[in-house]
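The values are calculated or read from the model by the stated rules, or taken from the named source; none is laboratory data. Remember, predicted model here, so these are calculated numbers, not experimental data. Here the Cβ positions follow ideal geometry from the backbone for every residue, glycine too, while neighbour counts run over all protein chains shown.
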Amino acid sequence: MYRVTREIEFCYGHRLLNYDGKCRHLHGHNGRAVVTLEGSRLDSRGMLVDFGEIKQTIQRWIDEQLDHNMLLCREDPLLPLLRERGERVFVMDANPTAENIARLIYDHGRGAGLPISEVVLWETPNCFAAYSGEDDR
């Protein structure tokens, strides 16, 4: 198997609902998504996927949708207030945990046709979560 990986740094804010720790409050992270693509064949250029295509497909989406944005669960009671104030908000169906953000990026890339095998989201320099989906490569 061939693998290529691109790291994408972005800043985001969030808070967790139904959580008793500090993360129940609005706060931010300098996150780093490590996106790995995998496949058994190379194209006519000798590439699995051009790094520029990963940048155009995934990094662009992260830059437009997640970077310097508040990621909140659709059930968050602050959502209407932030929207009313014109704040940038990305609404998620689930709590915006590192695990769910990793899956969000994975699902976007797979939906765009990229053979993503795993997304690792570093929330801090010491903590990360990963999502690799089902083995449907």
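Annotation note: Cβ proximity below 9 Å between a residue of the range 110-135 that is at negative phi and of a type in the set (Ser, Thr, Tyr) and a residue that is part of a loop (DSSP other than H, G, I, E, B) and surrounded by 15 or more Cβ atoms within 10 Å (Cβ to Cβ) (sequence gap 6+ or interchain) occurs for Ser117/Ser132.
For Arg137, the requirement of being more than 16 Å from Ile8 (Cα to Cα), at pLDDT 95 or above and among the charged types (D, E, K, R) is not met.
Considering only the range 101-111, I want to know if a residue exists there that is part of a loop (DSSP other than H, G, I, E, B) and at pLDDT 95 or above. No, the range 101-111 contains no residue that is part of a loop (DSSP other than H, G, I, E, B) and at pLDDT 95 or above. Counting only residues that are of a type outside the set (Gly, Ala, Ser) and surrounded by fewer than 19 Cβ atoms within 10 Å (Cβ to Cβ), which one in the range 116-131 is nearest to Arg41 (Cα to Cα)? For the range 116-131, the residue satisfying everything is Glu118. Restricting Gly21, Gly28, Gly46 to those that are at pLDDT below 95 and surrounded by fewer than 16 Cβ atoms within 10 Å (Cβ to Cβ) reduces the list to Gly21. Cβ-Cβ contacts under 8 Å between residues 6 or more apart (or on different chains), taken from a first residue in the range 71-87 that is surrounded by 13 or more Cβ atoms within 10 Å (Cβ to Cβ) to a second residue that is polar (S, T, N, Q), are listed as Cys73/Asn95.
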